[in-house]
Amino acid sequence: MNPITTRLSGKNILFSTVFFVSFSLLNNVVSAQNEHNHASKSVETTIENSDSSTKTETVAVDKHSNSGEEKFNTQELIMEHIADAHDWHLWGHTSVHLPIILYTSKGFEFFSSGKFEHGHATHQGTHFNYRIVKNPGEQKENIKAVDASGNIDESISVIDLSITKNIASLLLSVILLLMIFISIANGYKKRGIGAPKGLGAWLEPIVIFVRDDIARPNLGENYARFMPYLLTVFFFIWMNNVLGLVPFFPGGANVTGNIAVTLVLALITFILTNINGTKTYWGHIFSPHVPKWLWPLMIPVEIIGLFTKPFALMIRLFANITAGHILILSLVCLIFIFKSLAVAGISVPFIVFISVIEMVVAFIQAFIFTILSALYIGMALEKPQHDDHH
C-alpha cells in the first residue's frame, strides 16, 4: 500500500469513527429523552386515573405546554449524562445494574442497584428501607434510609460505598492498562531488546516521548526514579479521557471529569513532590532569599504556593474534560430543542468537529498533567546553587 493510500485510509477510519460516535451519542440522547417522556406520561396517567379533583388534573396539565408536549429540559439531560450513577445506562430502559454497598449503624448491606428500578422504587434491605434521592438542582444520586411511609429518616446514617458507573469505568481502564502493558512486557521478555511488534510498536514511541520530552528535561538525572509514576498517570488519564468520549458501553463515564478523581491524582503528585523535597527546596520556602523583614510576607506566600500547584492540577483536568462533554451534549440538544432538520444539518458537522478536537484534548490534558507533575517534582529535587549563600 503506497503512502497516499495509507493516509487516505487513516482519514477514512478517523472520520468513520467520529461519525459513529456522534451517531451513538444522538441515539443515546434520543433514548434518554424517550425514557424521560415515558416516565412523565406514566405520572400524568396516574394522576388522571386517580380520584383527585379536576383542579389537581389541571395543575398536572399546566406543567406541560399548550400542545400537551413536555418541554425539553437541556440542563437535566446534560447533567444526567456527565454525573455519576448507580446504573450504567445502555439504551432505552436497558442498563447494567451495579452492586450497592452500604454501611449503616447495624452493619453492611449488599444488593443490586436494579432493586431501585432506576430510582422509582424503595428497596427493603436487611436492616432498613432505602431509596435513591436527588437533591433539587443536583444530579448526584444519594441513597437514604426511609421509614415505612417512604419519608427520609435523617437519624439513620448511610455511608455509600457502592460501585458506581465512574468507579466501574475506572476499574475497567485499570484492567485494560494492565492487559496492554503486561502483554508488551511479555513480548520484550520473549524477543529481548529489539524492534517492538504489535501494541509495543504503537506505544513505545509514546513511552520514549514521556521519557525524553517530559521526564528528562524536568527531572534531570533522577528521571528514572519517577518514570513509573509519570507513565502510569499519563496513560491512566489518556485512557479515561478517550473512554469518556465513547457514548456507549463500555464508555461514556465522566471519570476524569469527576473532581474526586482529579483530586486524588493531584494529591499523589503533591505527596511525591514534598516527600522528595531537598534542603534547598524547603529553604526557599521557610528562609527565602529576600531581606528578612520581608519574611513575614514571603513565607505565607510560599506556603500557599505549596497547595495552589496541586489545586491547579485538579481544577484544570476536571474543568477541561467536563467542559468538552457539556459542549458536545449541548450541540446535540440543539436538534431536539428546535426540532428542525436545518439545525441538525448545522449541528451534526459541529459535533463531528468538536469530537475530533476532544480526541486531541484527551491527549493534551494527559500531557499537561504529566509534565506539570514532573516540573513540580523536579523543583523539589533542586540542588544548592553556587550563589545561594549570597
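Here are a few things to note about the model shown:
- Under the combined filter of DSSP loop state and at most 16 neighbouring Cβ atoms within 10 Å, the stretch 179-229 retains these trypsin sites (Lys or Arg not before Pro): LYS197.
- Extension gain for GLU382-LYS339 works out to 9.5 nm (0.36 nm per residue, less the C-alpha to C-alpha distance).
- Per-residue Cβ neighbour rank within 10 angstrom, fewest leading, ILE214, ILE78, ILE152, ILE304: ILE304, ILE152, ILE78, ILE214
- Relative to one another, the C-alpha centroids of the stretch 103-122 and the stretch 158-223 are positioned 36 Å apart.
- Estimated FRET transfer efficiency (VAL290, ALA312; beta-carbon r; R0 25 Å; 0.05): 0.55
- When each of LYS71/LYS165; LYS134/LYS339; LYS115/LYS144 is checked by Cα-Cα distance, pairs over 25 Å: LYS71/LYS165; LYS134/LYS339
- Shown here for the stretch 99-171: trypsin sites (Lys or Arg not before Pro) in loop regions (DSSP other than H, G, I, E, B) with at most 11 other Cβ atoms within 10 Å, namely LYS106, LYS140.
- The stretch 171-298: C-alpha gyration tensor shape, a/c 1.5 cut-off, then a/b vs b/c: oblate
- Neighbour net charge for ILE143 - beta-carbon separation under 12 angstrom, K R +1, D E -1: +2
- Here the spin labels are modelled as points 7 Å beyond Cα on the Cα-Cβ line, and at VAL356 and ARG191 they lie 3.2 nm apart.
- Using the Cβ-Cβ distance between ILE271 and HIS93 with R0 = 51 Å, the FRET efficiency computed as 1/(1 + (r/R0)^6) comes to roughly 0.70.
- Spin-label model distance (nm) - ALA319 vs ARG211, 7 Å beyond Cα toward Cβ: 3.5 nm
- Neighbour counts of other Cβ atoms within 10 Å put THR269, THR278, THR94 in the fewest-to-most order THR94, THR278, THR269.
- Dipole size of the stretch 99-162 about its Cα centre, with +1 on Lys/Arg Cβ and -1 on Asp/Glu Cβ: approximately 80 debye, rounded to the nearest 20.
- Extension gain (nm, one decimal) between THR280 and ILE304, 0.36 nm per residue minus Cα-Cα: 6.8 nm
- Span from the the stretch 315-390 Cα centroid across to the the stretch 231-301 one, whole angstrom: 17 Å
- Extension reserve of the SER105-TRP202 stretch, reckoned as 0.36 nm per residue once the Cα distance is removed: 29.8 nm
- Put in line by how crowded their Cβ is, counting other Cβ atoms within 10 Å and starting with the fewest, LEU170, LEU267, LEU334 read LEU267, LEU334, LEU170.
- Shape category assigned to the stretch 99-162 from the gyration tensor of Cα positions, a/c cut at 1.5: rounded
- 14 Å beta-carbon shell around VAL261, net charge (K/R +1, D/E -1): +1
- Cα shape, the stretch 166-380, gyration tensor, a/c 1.5 rule: oblate
- 15 Å reach of a label modelled at HIS127, 7 Å along Cα-to-Cβ, counting backbone N of the stretch 162-181: 162
Computed from the coordinates by the stated procedures, all read-outs in this text should not be read as laboratory data. The shown structure was predicted, so the numbers you read here are calculated from the model rather than taken from an experiment. As a convention, Cβ positions derive from the backbone with ideal geometry for all residues, glycine included, and neighbour counts pool all protein chains shown.
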